[in-house]
Amino acid sequence: MLHYHTIPVTAFAQNCSLLWCDATQQAALIDPGGDLDTLLAEVQARGLTLAQIWLTHAHIDHAGGTGELAQRLGLPIVGPHPGDQFWIDALPQQSAMFGFPPAQHFTPTRWLQDGDTVQIGHETLHVRHCPGHTPGHVVFHAPQIDRAFVGDVLFAGSIGRTDFPQGNHQQLIDSITQRLWPMGDQTVFIPGHGPESTFGRERRLNPYVQGT
């Protein structure tokens, strides 16, 4: 069985998700943007073995702690898509611009492409490339528990910003309607900020994608 726990980190209250396989107690962190001691305390409190870092995209609040965490524990960095290389290269500048602790740039151990899978313990998640907020944004889908970890593609009542470099509004809408909606209305998504919702609820009520 796959489990997860969401831990808001950084001044931007970014939803870092701790995922684990209960059969093996192997765990991954999605988007460790900062507050590493808080994240590692949660891993330890649950008796888990942190084995991987997964990234949806490389904005500072999602990826700022990644380089340090990978270096400290010798962990592989999985994702995002190569389209976000320029954001990774700019992490030191991003950290200074937004008043974050100094962030290291890094080279992912494995880049992700649309249709890839990732595995933690005995559990497999599916990867969808969902550009628009950033060109290399990916989403992790766990159909076995009807959950999707969508980063900043979609929020409860809103969608990701597209006014950053290489953002694209139409591309974002296409990612949502063509890559997320087919996962099913019942799927609960964990956004990069704010509360969880379902794809069905957003299709009904979200003013940016209502009726799509």
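The values are calculated or read from the model by the stated rules, or taken from the named source; none is laboratory data. Here the structure is a predicted model, which is why all the values come from computation and not from measurement. Every residue, glycine among them, receives a Cβ derived from its backbone with ideal geometry; neighbour counts consider all protein chains shown. When the accessible area is computed, the model is the full protein with side chains, heavy atoms only, and any ligands, DNA or RNA have been set aside. Shrake-Rupley method; radii C 1.70, N 1.55, O 1.52, S 1.80 Å.
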TODO: Hey, could you check region 60-104 for residues that are closer than 14 Å to Phe12 by Cβ and in contact with a His (Cβ under 8 Å, 6 or more places away or on another chain) and say which is surrounded by the fewest Cβ atoms within 10 Å (Cβ to Cβ)?
DONE: Gln94
Open item on the list: Going by what's in this entry, would Ala27 be described as among the aliphatic types (A, V, I, L, M), closer than 23 Å to His126 by Cβ, touching a Lys or Arg at 6+ places or on another chain (Cβ under 9 Å) and not in a helix (DSSP H, G or I)?
Closed with: yes
Task: Residues of region 156-178 satisfying the condition of being crowded, with 21+ Cβ neighbours inside 10 Å, over 13 Å from the mean Cα position of the chain (by Cα) and either under 24 Å from Ile120 (Cα atoms) or not hydrophobic (A, V, I, L, M, F, W, C) (or both) - done: Ser175
TODO: Using the structure shown, decide if Ser17 is open to solvent by less than 50 Å² (accessible area, probe 1.4 Å) and part of a strand (DSSP E or B).
DONE: yes
Open item on the list: Of everything in region 142-152, what is surrounded by 24 or more Cβ atoms within 10 Å (Cβ to Cβ) and part of a loop (DSSP other than H, G, I, E, B)? Give them in sequence order.
Closed with: Asp152
Task: Options His105, His133, His126: the member that is touching a helix residue (DSSP H, G or I) at 6+ places or on another chain (Cβ under 9 Å) and either at pLDDT below 95 or among the polar types (S, T, N, Q) (or both) - done: His105
Open item on the list: Kindly evaluate Leu73 against the criterion of being aliphatic (A, V, I, L, M) and either free of Cβ contacts under 8 Å to residues at least 12 places away in the same chain or touching a Gly at 6+ places or on another chain (Cβ under 9 Å) (or both).
Closed with: no
Open item on the list: Can you tell me which residue is surrounded by the most Cβ atoms within 10 Å (Cβ to Cβ) among those in region 197-212 that are among the hydrophobic types (A, V, I, L, M, F, W, C) and over 10 Å from Thr187 (Cβ atoms)?
Closed with: Val209
TODO: Could you tell me which of the residues Gly132, Gly200 is assigned to a loop (DSSP other than H, G, I, E, B) and over 28 Å from Gln25 (Cα atoms)?
DONE: Gly132
Task: Residues of region 82-97 satisfying the condition of being among the hydrophobic types (A, V, I, L, M, F, W, C) and under 17 Å from the mean Cα position of the chain (by Cα) - done: Trp87, Ile88, Leu91
TODO: Give the residue that is farthest from Phe98 (Cα to Cα), with candidates limited to residues of region 35-59 that are open to solvent by 20 Å² or more (accessible area, probe 1.4 Å) and touching a residue at least 40 places away in the same chain (Cβ under 8 Å).
DONE: Arg46
TODO: Would you confirm whether any residue within region 74-81 is in a helix (DSSP H, G or I) and under 17 Å from the mean Cα position of the chain (by Cα)?
DONE: no
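Conditions (1) aromatic (Phe, Trp, Tyr); (2) within 18 Å of Pro195 (Cβ to Cβ); (3) in contact (Cβ under 8 Å) with a residue 24 or more places away in the chain; (4) open to solvent by 10 Å² or more (accessible area, probe 1.4 Å), marked per residue:
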site: Gly115; (1), (2), (3), (4): no, no, no, yes
site: Ile120; (1), (2), (3), (4): no, no, yes, no
site: Gly136; (1), (2), (3), (4): no, no, yes, no
site: Phe140; (1), (2), (3), (4): yes, no, yes, no
site: Leu154; (1), (2), (3), (4): no, yes, yes, no
